[in-house]
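Below is one structure; the comments refer to it alone.
The values are calculated or read from the model by the stated rules, or taken from the named source; none is laboratory data. What you see is a predicted model, and the numbers here were worked out from it, not measured in a lab. Ideal geometry is used to build each Cβ from the backbone, glycine not excepted, and the neighbour counts take in all protein chains shown.
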Amino acid sequence: MRILITGAAGFLGSHLSDRLLADGHEVIGMDNFITGSPDNIAHLASNENFQFYKRDVSNYIFVPGKVDGILHFASPASPNPLSKSGYFNLPIQTMKAGALGTHNCLGIARRDGSRFILASTSEIYGDPEVHPQAESYPGNVDPVGERAVYDEAKRFAESMTMAYHRFHGVNTGIVRIFNTYGPRMDLDDGRALPNLLKQALLGQPLTVYGEGKQTRSFCYVDDLVDGIIRLLYSDEHLPVNIGNPVEMTILEFAEAINRVTGNKAGITFMENARSARDPQRRQPDITRALNLLKWEPGVNLEEGIRRTVPFFKQKLGLS
């Protein structure tokens with residue numbers, strides 16, 4: 001197949017490019033580099049089956065020739081309010097990527113009869129009142145809160161995707177992505193793994209906010225990519241959660257990082273300065289993924305951390 005990936009220079013987009021090329025497909029990558037990095041796709045420059053266009057998907061985009069599949073992964077995603085590439089500092093761009101970018105990509109899918117996959121997020125569930133989160137749960141989201149620019153962009157994108165499916169008959173799919181980690185993450189991403197792994201490799205005590213009782217479920221990037229590819233090859237139209245159902249506290253996560261890296265500096269607790277709307281619990285119900293895609297994650301946390309360490313060491317100048 002000939003497949004367009006928006007956000008191809010991002011963490012997930014670059015891994016998807018690798019996988020689809022390895023499967024024998026032709027990949028057209030598109031990114032404007034406001035959050036993605038050219039380093040993530042530099043190794044693909046000599047691949048004759050990879051083409052790249054520097055484009056902002058929020059503007060009109062033209063792809064010459066017919067495409068068989070579209071993976072719309074273009075969006076700022078970092079929750080770090082201090083990061084220039086985070087959605088707190090790119091609020092309009094984030095909303096436009098979810099609204100105009102989704103609309104533009106769906107237009108190409110309608111033109112070509114392509115299979116379209118939207119990268120949505122577990123953030124559409126907000127701070128959940130139902131646990132674990134199944135696709136049928138509509139969420140607990142504040143449309144005018146600090147995180148709304150990301151949450152609502154994705155919720156709108158899901159609605160737009162379903163509208164194109166129902167009204168125009170476009171072959172669409174929606175993947176709701178839960179916490180994912182692995183090589184090529186932005187070290188200043190603001191998420192738990194980059195923050196804690198960076199501290200551990202530098203021999204510093206790991207910073208845990210509050211008592212560390214808030215929970216997350218961490219999925220290694222190769223497992224996530226496999227789930228997305230299975231959804232691409234399927235004919236499922238309704239949202240599907242892809243994530244690791246093993247829930248743990250942030251304190252347990254920090255202890256695992258210290259254990260894998262051999263960091264002896266321990267853990268330091270700080271007052272919880274996070275937003276009140278920050279989800280306190282996060283765990284996917286992956287029943288639909290199991291039944292529809294025969295998918296479940298296979299890489300356990302400690303093995304995933306071990307696979308991620310070399311990339312972080314290189315970025316920190318420790319290798």
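Select from region 37-75 the residues that are farther than 24 Å from Ala99 by Cα and of a type in the set (A, V, I, L, M) and write down the one among them that is modelled with the lowest pLDDT.
Among residues in region 37-75 that are farther than 24 Å from Ala99 by Cα and of a type in the set (A, V, I, L, M), the one modelled with the lowest pLDDT is Ala45.
Do we have Arg111 as surrounded by fewer than 20 Cβ atoms within 10 Å (Cβ to Cβ), out of contact with any Phe, Trp or Tyr (no Cβ under 9 Å at 6 or more places or on another chain), within 30 Å of Asp18 (Cβ to Cβ) and without any contact (Cβ under 8 Å) to a residue 24 or more places away in the chain here?
yes
Could you please let me know if Asn89 is surrounded by 12 or more Cβ atoms within 10 Å (Cβ to Cβ) and at pLDDT 95 or above? Walk me through it before giving the result.
Details: surrounded by 12 or more Cβ atoms within 10 Å (Cβ to Cβ): yes; at pLDDT 95 or above: no.
No: the conditions fail for Asn89.
Name the single residue, out of those in region 238-266 being of a type in the set (Gly, Ala, Ser) and touching a Gly at 6+ places or on another chain (Cβ under 9 Å), that is surrounded by the fewest Cβ atoms within 10 Å (Cβ to Cβ).
Ala265
Which one is surrounded by the most Cβ atoms within 10 Å (Cβ to Cβ) among residues in region 199-227 that are over 16 Å from the mean Cα position of the chain (by Cα) and modelled with pLDDT of 95 or more? Step through it out loud before you land on a result.
Initial filter on region 199-227 (over 16 Å from the mean Cα position of the chain (by Cα)): 199-215.
From what is left, the residues that are modelled with pLDDT of 95 or more are 199-206.
Values: Gln199: 21, Ala200: 24, Leu201: 20, Leu202: 13, Gly203: 11, Gln204: 14, Pro205: 16, Leu206: 26.
The extreme case among them is Leu206.
I'd like to know if region 93-101 contains one or more residues that are part of a loop (DSSP other than H, G, I, E, B) and farther than 24 Å from Val246 by Cα. Don't jump to the end; show me each part of the working.
Step one: list which residues in region 93-101 are part of a loop (DSSP other than H, G, I, E, B), which gives none.
No, there is no match, as no residue in region 93-101 is part of a loop (DSSP other than H, G, I, E, B) and farther than 24 Å from Val246 by Cα.
Which ones in region 10-65 are in a helix (DSSP H, G or I) and either loosely packed, with under 12 Cβ neighbours inside 10 Å or over 20 Å from the mean Cα position of the chain (by Cα) (or both)? So that I can check it myself, show each step before the final result.
Step one: of region 10-65, the residues in a helix (DSSP H, G or I) are 11-22, 38-40, 42-44.
Of everything in region 10-65, those that are in a helix (DSSP H, G or I) and either loosely packed, with under 12 Cβ neighbours inside 10 Å or over 20 Å from the mean Cα position of the chain (by Cα) (or both) turn out to be Ala22, Asp39, Ala42, His43, Leu44.
For every residue, the table says whether it meets (1) in contact (Cβ under 8 Å) with a residue 24 or more places away in the chain; (2) closer than 26 Å to Pro79 by Cβ; (3) part of a loop (DSSP other than H, G, I, E, B).
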{"site": "Leu290", "(1), (2), (3)": "no, no, no"}
{"site": "Val299", "(1), (2), (3)": "yes, yes, yes"}
{"site": "Thr308", "(1), (2), (3)": "yes, yes, no"}
{"site": "Phe312", "(1), (2), (3)": "yes, yes, no"}
{"site": "Ser319", "(1), (2), (3)": "no, no, yes"}
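(1) farther than 30 Å from Ser58 by Cα; (2) surrounded by 20 or more Cβ atoms within 10 Å (Cβ to Cβ); (3) of a type in the set (A, V, I, L, M): which one isn't true of Ala153, the others all being true?
Just one mismatch for Ala153, condition (1).
Identify the single condition in (1) surrounded by fewer than 19 Cβ atoms within 10 Å (Cβ to Cβ); (2) part of a helix (DSSP H, G or I); (3) of a type in the set (Asp, Glu); (4) within 20 Å of the chain's Cα centre (by Cα) that Asp188 does not satisfy, given that it satisfies every other one.
Among (1) surrounded by fewer than 19 Cβ atoms within 10 Å (Cβ to Cβ); (2) part of a helix (DSSP H, G or I); (3) of a type in the set (Asp, Glu); (4) within 20 Å of the chain's Cα centre (by Cα), Asp188 violates only (2).
Quick check on my filter: what residues within region 262-285 are over 16 Å from Thr215 (Cβ atoms), assigned to a loop (DSSP other than H, G, I, E, B) and at pLDDT 90 or above?
Gly262, Asn263, Lys264, Ala265, Gly266
Return the only residue of Arg230, Arg166 being part of a helix (DSSP H, G or I), surrounded by fewer than 17 Cβ atoms within 10 Å (Cβ to Cβ) and either basic (Lys, Arg) or at pLDDT below 95 (or both). Before you say what the answer is, go through the steps one by one.
On the way: Arg230 fails: surrounded by fewer than 17 Cβ atoms within 10 Å (Cβ to Cβ).
Residue meeting the stated conditions: Arg166.
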